[in-house]
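Student: One structure follows; several queries about it will come next.
Read the figures in this text as sums done on the coordinates, not as results from a lab. Remember, predicted model here, so these are calculated numbers, not experimental data. Heads up, the Cβs are rebuilt from the backbone with ideal geometry, glycines too, and the neighbour counts pull from every protein chain shown.
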Amino acid sequence: MPVTDALSRRPRVLPPTLPLVRVGQLARGLFLADSPLYLASHWRLGRSFPCVAPLLQHCPWCAGAEKREHAYIPILLGHVGYKPTRELLELPPHVFPENPRLYGLCFSASRRSKRATVIMTIEPRPPNVSAPPPPIGSDQVLRTLAKVYALPDPAAYETENEWLLALEIRTRSPDYSPGRHNAKAALP
Ligand SMILES: [Zn+2]
């Protein structure tokens, strides 16, 4: 029997989300993107709400809540004695140089306590560290942040406009309440 309707196309594959981490006492690893993406948050009612002004041109929380700036960059996080893992690292924006080209570079970030300033050093990859995996694109970063903030998954919509409409509806809903913004601390 001739096969006329064999499956020949790979279905659309969603980019996976990444675990979100912040700097504990010390985090070391490799950057998997050239530059971070920025997303501010608002602290209200004991939770973090995303600042959606850059996406929707207005934000329901800008007028009434404190705003905190965050930078997010995909990394390969080193663990002493374990295989490195792909993570999304949350950092204060000031630790990054201007116009960075960070992919494949090594970093070491530390802070003395949870509220202390993060100090980051960036260095070329030493010859004994193997080549980094391919870069992680902004789609994966955006999907991860949408999940963190309980926003509609951008990969589930055909067009950007559909997603923005879903985002508008979700953030205007009186029932919208993002989960607690609790990135786990990276273990050295
Ligand atoms: Zn805002």
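Student: For Ala40, what residues show an amide H to amide H distance below 5 Å, using hydrogens built from the backbone and excluding near sequence neighbours?
Tutor: Distant-sequence amide H within range of Ala40: Cys51, His70.
Student: So if I place +1 on the C-beta of Lys and Arg and -1 on the C-beta of Asp and Glu, and nothing else carries charge, what would the dipole magnitude of segment 1-135 be about its Cα centre? I want it in debye, nearest 20. List each step's numbers first, then the result.
Tutor: Values: 17 positive and 8 negative charges, 77 e Å.
Once rounded to the nearest 20, the dipole reads 380 debye.
Student: Right, another one. Please work through the chain and write down the cysteines that have no neighbouring cysteine Cβ at a distance under 4.7 Å.
Tutor: Cys51, Cys106
Student: A further question on this structure: Please list, by residue number, everything in segment 126-149 whose backbone N is under 17 Å from a paramagnetic label point 7 Å out along Cα→Cβ of Arg47.
Tutor: Label zone hits: 145-149.
Student: Follow-up question, since we're still on this one. How large is log10 I(q)/I(0) at q = 0.10 Å⁻¹ when the Debye formula is applied to the Cα atoms of the chain, each weighted equally and without solvent?
Tutor: -0.47
Student: Between Val80 and Leu105, 0.36 nm times their residue separation minus their Cα-Cα distance comes to what?
Tutor: Details: separation 25, 0.36 × 25 = 9.00 nm, distance 1.87 nm.
Gain in length upon complete extension: 7.1 nm.
Student: By a straight-distance test (C-alpha under 24 Å), which lysines pair with Lys83 as possible cross-link partners, with residues fewer than eight away in the same chain excluded?
Tutor: Lys184
Student: Please give the length that would be gained between Gln57 and Ile122 if that part of the chain were fully extended, namely 0.36 nm times their separation in residues minus their C-alpha to C-alpha distance (nm, one decimal). Kindly include the intermediate steps, with their values, before the conclusion.
Tutor: Working: separation 65, 0.36 × 65 = 23.40 nm, distance 3.42 nm.
Roughly 20.0 nm would be gained on extension.
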